[in-house]
1. Which residue, of B:Thr247, B:Thr260, is at pLDDT 95 or above, under 22 Å from B:Arg409 (Cα atoms), among the β-branched types (Val, Ile, Thr) and buried (at least 22 other Cβ atoms within 10 Å of the Cβ)?
2. In the stretch B:110-144, how many residues are within 27 Å of A:Ala25 (Cα to Cα), among the acidic types (Asp, Glu) and away from chain A (no Cβ under 11 Å)?
3. Any residue that is within 16 Å of the ligand (Cβ to nearest atom) and within 14 Å of chain A (Cβ to nearest Cβ) - is there at least one of those in the stretch B:89-102?
4. I'm trying to understand the selection: among the residues of the stretch B:311-321, which are out of contact with any helix residue (DSSP H, G or I) (no Cβ under 6 Å at 6 or more places or on another chain) and surrounded by fewer than 24 Cβ atoms within 10 Å (Cβ to Cβ)?
5. Report yes if B:Arg205 is more than 29 Å from B:Pro408 (Cβ to Cβ) and modelled with pLDDT of 95 or more, otherwise no.
6. Out of the strands (runs of 3 or more DSSP E) lying entirely within the stretch A:105-164, which hold 2 or more residues that are more than 14 Å from chain B (Cβ to nearest Cβ) and loosely packed, with under 15 Cβ neighbours inside 10 Å?
7. Which ones in the stretch B:156-200 are closer than 20 Å to B:Asp15 by Cα and among the hydroxyl-bearing types (Ser, Thr, Tyr)?
8. Restricting to the stretch B:382-435, name every residue that is within 11 Å of the ligand (Cβ to nearest atom) and polar (S, T, N, Q).
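The values are calculated or read from the model by the stated rules, or taken from the named source; none is laboratory data. This structure is a prediction, so every number in the text was calculated from the model and none was measured. Cβ placement follows ideal geometry from the backbone for every residue including glycine, while neighbour counts extend to all protein chains displayed.
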Amino acid sequence: MRHIISILIENEAGALSRVAGLFSARGYNIESLTVAPTEDASLSRMTLVTRGSDDIIEQINKQLNKLIDVVKVMDLTEGLHIEREMMLIKVRAEGGEAREEVKRLSDIFGGRILDVSEKTYIVELTGNARKLDSFIEALGPVPILETVRSGVSGIARGEKSLQA
Amino acid sequence: MELTGAEIIVRFLQDEGVEYVFGYPGGAVLHIYDAIYQQEGVKHVLVRHEQAATHAADGYARSTGKPGVVLVTSGPGATNAVTGIATAYMDSIPMVVLTGQVNSSLIGNDAFQEVDSVGITRPCVKHNFLVKDVAELATTLKKAFFIATTGRPGPVVVDIPKDVTAHRCHYSHPKRVSIRSYNPVVKGHPVQIKKALGLILAAKRPVLYTGGGVVLNDSAKQLTEFAKLLRLPVTNTSMGLGGYPATDDQFLGMLGMHGTYEANMAVSHCDLLIAIGARFDDRVTGNIAKFAPRAKIIHVDIDPASISKNVKVDVPIVGSVDHVLKEMINAIQATEERADAAALGHWWDQISEWRAKQCLKYDRSSPLIKPQFVIEKLYEVTQGDAFVTSDVGQHQMWAAQFYKFDKPRRWVNSGGLGTMGFGLPAAMGVQLAHPKAAVACVTGEGSIQMNIQELSTCMQYQLPIKVICLNNGYLGMVRQWQEFFYESRYSHSYMESLPDFVKLAEAYGHIGMHINQPGDVEAALQEAFKQKKRFVFLNFVTDKSENVYPMVPAGAGLDEMILV
Ligand SMILES: Cc1ncc(C[n+]2csc(CCOP(=O)(O)OP(=O)(O)O)c2C)c(N)n1
């Protein structure tokens, strides 16, 4: 199953490589990983998307907790949560019809066109991973020149929060 | 008080009560060596190879419970230390390793003798640090000792750039540190302990399976009390030997690949397995699908990540072994309830039958020296009271099977990583920590050559270690696998061009003895152990074809042993 794991970790040199190293050493998979400092500059927050059986996810949680720099770990997929990812996508849009089509799709998906050139558009789109995938699918024959995805960020709904 | 970084390190080690630092100098640590020169509190032991420094510190730690301390230079000094760090990591040994680093301004420039020590050691340390500012040095060192010695212990590396050891800063000994992200659990959860007790009192065929955690946590007394209260059969892992007295009749011996028939059969047939401070290593479980198939499992461990990692358990208890055992003993004493005595009686009858197989028997009338016989005699001559370190191979298994350890911290071996070359340097650490004790290093002619240069260190520090070399002319354990599983194609398991070990020992200033008759074994050992002040190398020419039995072949269940 796909799990979204939030990690609060000391904002120190090497912290990221401890997490990445753990995953590669133990053969766990990382689908995406995002990391940035929090409102408390001494802490970083990571969102890690992984897949595995329940046993593996349990081990991942335990092994993450075992890292000395890790302050808190939460498996967001265990409760209600919000998942967001941002994508920048550059497409070839030549000719009236193609340009219209991209603009229309972008509107439907709630995207924004950030850059326009004679032959290209850059669309910015935010949503959960599935929505971004659907957008790419919906583009159909429109040639994609580049996609950049931020990786998933996640947060639990309601009162529940990840704090030091 | 303003001190240089180098002085801070040495002062800190003094204030921390560190007796010995095992090390080897080089450019990046010259300031530290200069500070060591100007004091007497901390004694430095100069080894002949950095790997030996880590193993010696490891032996010191295993035999005392105190952290071992290592000091090496940057680059090759640090990389040479890696094997010893990984060895300590696998066996959860408390150790602090100080590695020199090039000047801060040069880091990342491929400077002379620069390696990314923090990066290289990351997967085999409990934690590591790079000290960037002399102002952080003392607290970082304190954190390193705190992390190394608490929770599930392990090695911690502190990488210190040379300029940091020259800069000055105010020093006072940090009495305490707290790390918000590191709070090891000590107390087992009362609800879990109660659940465990319910299973224990309901069991008809219980077995206690205990590991290194009992030794590391100094819980041998509690374990014995607990086992005695309920007359539980006890088996130990190799790391756990000495955690329960081997001469006690509730002891079934070691379990696992070269475990006894009775221990492996008991685990295979029990209805309750109580695992304490053990981690279900593959050398212990054999084929995991066939492991303890009829049993409910209770698992007590300080490390939550050890629980349900290899084997799903029914009642996990996270906590220090010592605390959980005390709680269990109290609870049992507080209740009248006891397990079904008749069932336990039957269980013991069954175990006696398995015991009657005498799985460790060997040919006692052989004209050749049997390696098992040497260990038996070693046990007798040292009255079971020696510290025994070992290398890795057949000799290691024979030592584990035939030396009956009644006390913890007496058996010092590389269980997890299986590091050949561990035995001799580990014995140095043990002997320094216990200057009056009998210390034996059981080894093979293959393993001993992996750190043979330490014969020189043993001379310098007058360490009266006795090397018991079971010389079978083969990389015996490799040969055994080739005989069993590769139709006796002995690919590169034969040791050609062996040195004359007697002359070699003598060249280093020690006593060497050559023994090739079974009748001479005991007298030779007697004579060697009479030499209280001298290092003696005993070269026993043993039966080349002897194998370690029982053996659970890879992929088989514990009840599918090859027997003699
Ligand atoms: C550093 C290292 N290299 C290789 C091995 C693999 N290995 C395990 S046992 C063994 C043979 C050991 O031979 P020896 O020390 O003579 O002991 P014996 O088995 O003959 O008692 C080898 C090569 C190891 N454990 N460690």
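1. B:Thr260
2. Here the count works out to 2.
3. Yes.
4. Listed by number, the residues that qualify are B:Val311, B:Lys312, B:Val313, B:Asp314, B:Pro316, B:Gly319.
5. no
6. On the way: elements: A:112-116, A:120-127, A:144-149, A:153-156.
Where strands (runs of 3 or more DSSP E) fall fully within the stretch A:105-164 and carry at least 2 residues being more than 14 Å from chain B (Cβ to nearest Cβ) and loosely packed, with under 15 Cβ neighbours inside 10 Å, they are A:112-116, A:144-149.
7. B:Thr165, B:Tyr171, B:Ser172, B:Ser178
8. B:Ser390, B:Gln394, B:Gln396, B:Ser414, B:Thr419
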